[in-house]
Amino acid sequence: MSLPRHTLITKTIDILVADFLQGKIEALRLAMTALLAGGHLLLEDIPGLGKTTLALALSGALGLSFGRVQCTSDLLPSDITGLSIFDREKNAFKFMPGPIFNNLLLVDEINRATPKTQSALLEAMEERRVTIEGTTHNLPDPFLVIATQNPLEQVGTYPLPESQMDRFLITTGVGYPPPAIEKEIIRAGSIREEIRAMHSLLTLDDILTARRFIREEIQLGDRVLDYIHTLIVATRDHEMLLSGISTRGGIAIADAARAAAYLRGRAYVIPEDVREMIIPVGAHRLIPRAEHETLGKREVLQSIVAALPVPLA
Amino acid sequence: MVNLRTPLNWLHYVICLLGVAPVYAALALPAQIALPLALLGGISADRQQRTVIPDRGATLASLIFFIFYGWQVSFVNLIDPVINILALLIAIRLLGAKSGRHLLQNYTLALFSLAASALLKLDASFLSYLILMVFAIAVSLVLLTYVEADEKMRLSAAEFRKIITVALLMPGIALLLMLAFFVILPRTQYPLWNFLNPGGTSKVGFSEEVRPGTVSNLAETRTPVFRAKTMELPKEDLYWRGIVLSQLEGNNWKRLPEVPGTTPDIRGGRAVAVTVYPELNDRRYLFALDVPGQISGIRAARDAEGVLTLHRTPRKRFFYEIVSHIGATLKAPVRADRWLQVPENISPRIVNLAQQLRAAGATDDQRFAALVNYFRTAKFSYSHRDLPRGPDPVAEFLFERKTGYCEFFASSFALLARLIDIPARLVGGYYGGNYNDLGGYYLVSEDQAHVWVEVLLSGEGWRRFDPSTLAVNATTELLAERGSGQSLAQRLADAADYFWQRAVIVYDFDRQMTLLLATGRNLRALRPQLKKPATATVLMVLGGLGMIVVSGYWRGTRHRAHPLLRAYLRSVARRYPAAVLPPRCGLTELAEAVNDPRCQRFADIYGGAFYRDRLLTREEREALREIIAQLKSAQN
């Protein structure tokens with residue numbers, strides 16, 4: 001079975017990994033999955049591992065408009081959404097759109113923004129439109145936010161509350177590149193300039209076509225559906241967790257699994273797609289009990305997945 | 001070889017018989033004649049493989065019977081027409097065609113007929129009929145499925161035995177379940193069995209009046225009156241006291257309606273606990289061993305004479321527990337004149353005799369001894385035949401025939417006692433009883449009805465005296481029939497009936513709750529016996545292991561894989577022993593882990609069908625088999 005634009009998209013991933021993002025295949029695949037499933041991506045890792053490079057390369061390759069916000073504690077909501085300024089010549093207010101009016105928005109160090117700014121951003125992510133001074137402006141489609149946050153930085157940060165973490169479809173780290181690749185990266189130095197010079201590999205239409213296909217044609221069978229449901233119910237019953245994956249989380253898992261199946265070249269979802277996606281999609285939605293605060297959510301979720309049998313018959 | 005039609009036919013006859021037998025006695029004469037004829041006709045017709053009545057005729061006859069008896073059905077006359085219709089329909093079916101459908105119809109009719117018999121009489125025999133019928137029908141249904149598939153089917157004896165064994169297993173298990181459900185299913189306050197079974201009011205030997213010589217109102221029947229659970233007692237203590245008759249009018253002893261005082265004053269005696277299970281009848285008197293004390297289990301009034309009466313006629317079966325004081329005396333609460341009353345025109349011969357006895361002494365005891373002595377020496381004999389019948393039967397008994405039964409002895413003795421100034425009264429009840437050692441109870445039947453006397457001697461209280469024992473043939477006639485031993489079969493049958501009554505008929509919500517609470521108490525009582533934490537731990541561990549085994553089995557059944565998948569996993573396990581197998585991982589994950597394109601192909605084909613909610617096609621199954629074969633051959 002041939003999937004529309006599938007070859008093109010996988011090839012793009014291959015080229016990006018080969019030329020610009022050595023050792024970041026997992027993060028790149030997840031970013032692509034989020035884009036195809038119509039969700040947003042949160043990259044959690046220490047600075048300097050190439051989170052920004054990843055976002056830049058993605059935007060460059062996809063031929064999407066790109067905006068970037070560097071968060072600080074004095075960043076205002078209007079710095080992201082835009083504002084109206086008075087045009088003296090025309091004697092009227094003129095709306096100056098902010099960086100949010102791009103297909104791909106990179107929000108660097110989102111947890112350094114104040115809660116008010118964060119919520120302005122998160123509202124836009126959920127509604128896909130912003131209302132400024134009484135006028136509603138639709139955001140472009142596709143609209144993908146890639147946010148980064150530095151977990152180690154404690155001073156002057158405003159961590160995202162769980163309810164807002166929920167707005168991100170996928171959370172993942174970038175991780176250190178393998179030694180050989182890292183040495184090569186160090187030798188070659190920063191590749192930002194080359195990324196800026198790269199020409200796009202995919203058009204807007206390619207992405208929209210693939211997204212429509214994933215949403216409408218990728219089949220999610222009853223058994224896989226049962227499997228997803230069993231998994232999310234198991235997170236709710238887990239003794240170390242205060243609350244498990246919500247129904248919205250379940251929808252997110254199904255959407256991401258569809259996109260993962262597409263990326264694997266299949267027109268139907270298999271349990272492996274779910275198993276692949278449940279950690280990046282589900283882990284950040286879990287709320288552990290106070291006494292297990294230090295426990296890794298990923299590990300808990302991993303143990304739940306490992307304990308439940310895969311549907312086979 | 002066994003032709004299945006033959007055993008099927010015989011089962012059919014047996015089922016019809018089981019359905020009709022319990023109601024046969026109650027059927028109208030036409031049905032009583034028609035049934036055996038139809039059975040014989042049916043058997044001979046089946047042998048010749050023909051039918052006596054064609055289908056149309058059978059339908060017509062059925063309709064006619066239905067209308068005829070249906071016309072008679074009314075609210076008061078319900079059972080008789082119904083059982084007659086059922087019996088006649090069965091008879092028609094016996095003579096008619098015998099396809100599977102017809103047999104099923106007749107089984108249903110037989111079941112209904114048996115059910116209807118419960119409305120006539122519900123004793124332990126109903127259960128045996130029901131069990132036999134359930135077994136017969138279950139086996140018959142199994143045979144029927146074979147015969148329906150092939151009318152001429154023949155099986156070897158071994159095969160036939162196998163089928164019968166399996167067929168018998170089902171009702172066997174069902175009956176065990178039925179037993180369990182009977183105990184635990186919630187009951188109504190009012191036992192349903194009682195509703196269906198109002199209980200016949202049989203002819204009774206006991207009456208509320210004693211009038212010697214009028215009619216021989218003795219019931220010769222052995223109809224049970226009650227069963228009394230207690231220890232085995234000497235025969236002379238088996239006086240089941242019921243009613244006290246104090247008023248003599250002519251020849252007629254009656255009960256004085258009101259006796260002053262409320263509770264009897266019992267002195268001395270040996271206390272014996274008795275539980276009485278009366279058969280249902282329309283009497284309001286309760287019976288108990290002489291002298292009855294405290295009663296519990298039912299609301300009953302007890303007057304100063306120790307007579308127990310129910311407030312109203314019982315509508316359902318019941319039982320009561322009573323403490324009797326054997327050998328005790330009852331204090332008289334009022335003046336003795338009350339029990340010295342005699343009618344005005346007494347035969348001069350009797351007055352004469354009384355005067356002679358009165359001369360025997362000044363004290364009560366002396367005169368009483370003279371009276372007893374007179375009865376002992378006069379050579380009275382105890383008999384149910386040649387009874388005095390004249391206008392003055394008491395005088396006739398005393399001076400001419402000298403033959404009578406308990407009523408004559410008691411009436412004449414009490415009359416003479418009163419004439420010599422000894423207060424006396426008659427007591428009615430039962431004497432004797434057949435001890436059933438299987439059930440540990442006395443069975444008292446109507447033919448053991450008895451009347452005796454109580455006398456009040458010098459203020460010591462009422463003392464029981466049975467003049468019938470003074471008959472010359474008392475040991476042979478009177479005592480012989482009171483508790484003449486029953487045969488083992490009779491005792492067995494009666495014990496079965498007794499337990500049926502106790503376990504089934506009177507089993508209602510109250511008894512269920514009692515049983516439940518008793519079980520709870522017993523379990524609690526059991527707990528301290530458990531040897532401290534060690535035993536509890538062992539029990540918990542065992543329970544836990546049991547649950548693990550069960551849940552593992554459940555999981556195993558839940559993931560019972562497709563045969564092809566199982567074969568595939570076996571071959572993969574042999575080829576790649578280190579691999580983690582499903583259901584711990586997915587098929588594609590497995591293929592990637594072992595890095596085998598054949599495994600990937602299997603995962604694609606199998607998953608492509610399975611995760612898209614469709615069955616494997618023939619080609620896909622072939623392809624999967626091929627992959628499995630390749631995996632197997634590669635390992636060799």
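The values are calculated or read from the model by the stated rules, or taken from the named source; none is laboratory data. Owing to the predicted nature of the structure, the values given are computational and were not obtained by experimental measurement. No Cβ is skipped: glycine too gets one built from the backbone with ideal geometry, and neighbour counts run over all protein chains shown. Remember, those area values only see protein heavy atoms, side chains included, never the ligands or the DNA or RNA. Shrake-Rupley method; radii C 1.70, N 1.55, O 1.52, S 1.80 Å.
Things worth noting here:
- Identity of the residue in the stretch A:254-274, closer than 11 Å to residue A:218 by Cα and among the basic types (Lys, Arg), that ends up nearest to the other protein chains (Cβ to nearest Cβ): A:266
- Count of the stretch B:38-77 residues which are open to solvent by 80 Å² or more (accessible area, probe 1.4 Å) and touching a residue at least 40 places away in the same chain (Cβ under 8 Å): 1
- When the stretch A:293-313 is filtered for residues that are open to solvent by less than 50 Å² (accessible area, probe 1.4 Å) and closer than 23 Å to residue A:164 by Cα, the ones remaining, listed by number, are A:296, A:300, A:301.
- Residue identified as crowded, with 21+ Cβ neighbours inside 10 Å, in a helix (DSSP H, G or I) and of a type in the set (Lys, Arg) among B:101, B:93: B:93
- Tally of residues being under 18 Å from the mean Cα position of the chain (by Cα) and over 12 Å from residue A:110 (Cβ atoms) across the stretch A:130-150: 6
- Among the residues of the stretch A:27-44, not one is open to solvent by 30 Å² or more (accessible area, probe 1.4 Å) and closer than 12 Å to residue A:176 by Cα.
- Among the residues of the stretch A:209-245, those that are more than 14 Å from every other protein chain (Cβ to nearest Cβ), closer than 21 Å to residue A:34 by Cβ and open to solvent by 50 Å² or more (accessible area, probe 1.4 Å) comprise A:212, A:215, A:216.
- The strands (runs of 3 or more DSSP E) located wholly in the stretch B:298-385 that include 1 or more residues which are open to solvent by 40 Å² or more (accessible area, probe 1.4 Å) occupy B:300-302, B:320-326, B:329-331.
- No other residue among B:130, B:144, B:114, B:122 is crowded, with 18+ Cβ neighbours inside 10 Å and not in a helix (DSSP H, G or I) apart from B:122.
- Taken as a whole, the stretch A:245-254 holds no residue that is hydroxyl-bearing (Ser, Thr, Tyr) and under 16 Å from residue B:611 (Cβ atoms).
- Residue B:523 part of a helix (DSSP H, G or I), at pLDDT 75 or above and away from chain A (no Cβ under 14 Å): no
- Of the helices (runs of 4 or more DSSP H) contained entirely in the stretch A:176-249, those carrying at least 2 residues that are at pLDDT 85 or above, under 23 Å from the mean Cα position of the chain (by Cα) and not aromatic (Phe, Trp, Tyr) fall at A:204-217, A:222-237.
- Test: residue in the stretch B:7-14 that is more than 18 Å from residue B:137 (Cβ to Cβ) and open to solvent by 40 Å² or more (accessible area, probe 1.4 Å): no
- Filtering the stretch B:91-118 to residues that are hydroxyl-bearing (Ser, Thr, Tyr) and free of Cβ contacts under 8 Å to residues at least 60 places away in the same chain leaves B:99, B:108.
- Breaking point among (1) of a type in the set (Val, Ile, Thr); (2) touching a Pro at 6+ places or on another chain (Cβ under 9 Å); (3) at pLDDT below 70, for residue B:538: (2)
- Close pairs from the stretch A:302-313: first more than 7 Å from every other protein chain (Cβ to nearest Cβ), partner part of a loop (DSSP other than H, G, I, E, B), Cβ under 6 Å, at least 6 apart: none
- Just so you know, in the stretch A:275-284 the residues that are β-branched (Val, Ile, Thr) and out of contact with any strand residue (DSSP E or B) (no Cβ under 8 Å at 6 or more places or on another chain) include one that is nearest to the other protein chains (Cβ to nearest Cβ), and it is A:278.
- Meets criteria (in contact with a Pro (Cβ under 7 Å, 6 or more places away or on another chain), of a type outside the set (Phe, Trp, Tyr) and at pLDDT 85 or above) for residue B:326: no
- Evaluation of residue B:189 against the conditions (1) part of a loop (DSSP other than H, G, I, E, B); (2) modelled with pLDDT of 80 or more; (3) open to solvent by 50 Å² or more (accessible area, probe 1.4 Å); (4) not acidic (Asp, Glu) shows that the sole unmet condition is (2).
- Index of the failed condition, residue B:574 passing every other in (1) open to solvent by less than 80 Å² (accessible area, probe 1.4 Å); (2) in contact (Cβ under 8 Å) with a residue 60 or more places away in the chain: (1)
- Applying a threshold of 6 Å to beta carbon distances and a minimum spacing of six or more residues, or different chains, the list of pairs starting in the stretch A:162-176 at a residue that is farther than 22 Å from residue A:293 by Cβ and ending at one that is outside any loop (DSSP other than H, G, I, E, B) and of a type in the set (Lys, Arg) reads A:174/A:51.
- Checklist (1) over 14 Å from residue B:322 (Cβ atoms); (2) surrounded by fewer than 18 Cβ atoms within 10 Å (Cβ to Cβ); (3) under 25 Å from the mean Cα position of the chain (by Cα); (4) at pLDDT 80 or above applied to residue B:221, failing item: (4)
- Total residues in the stretch A:100-139, condition open to solvent by 40 Å² or more (accessible area, probe 1.4 Å), in a loop (DSSP other than H, G, I, E, B) and not basic (Lys, Arg): 3
- Search result, residues across the stretch B:610-625 that are more than 12 Å from chain A (Cβ to nearest Cβ) and surrounded by 14 or more Cβ atoms within 10 Å (Cβ to Cβ): B:620, B:621, B:623, B:624
- Residues located in the stretch B:568-593, provided they are more than 14 Å from chain A (Cβ to nearest Cβ) and closer than 20 Å to residue A:265 by Cβ: none
- Summed over the stretch B:151-184, residues that are closer than 17 Å to residue B:104 by Cα and either loosely packed, with under 14 Cβ neighbours inside 10 Å or of a type in the set (Asp, Glu) (or both) total 1.
- The number of residues in the stretch A:45-76 being of a type in the set (S, T, N, Q) and crowded, with 17+ Cβ neighbours inside 10 Å comes to 3.
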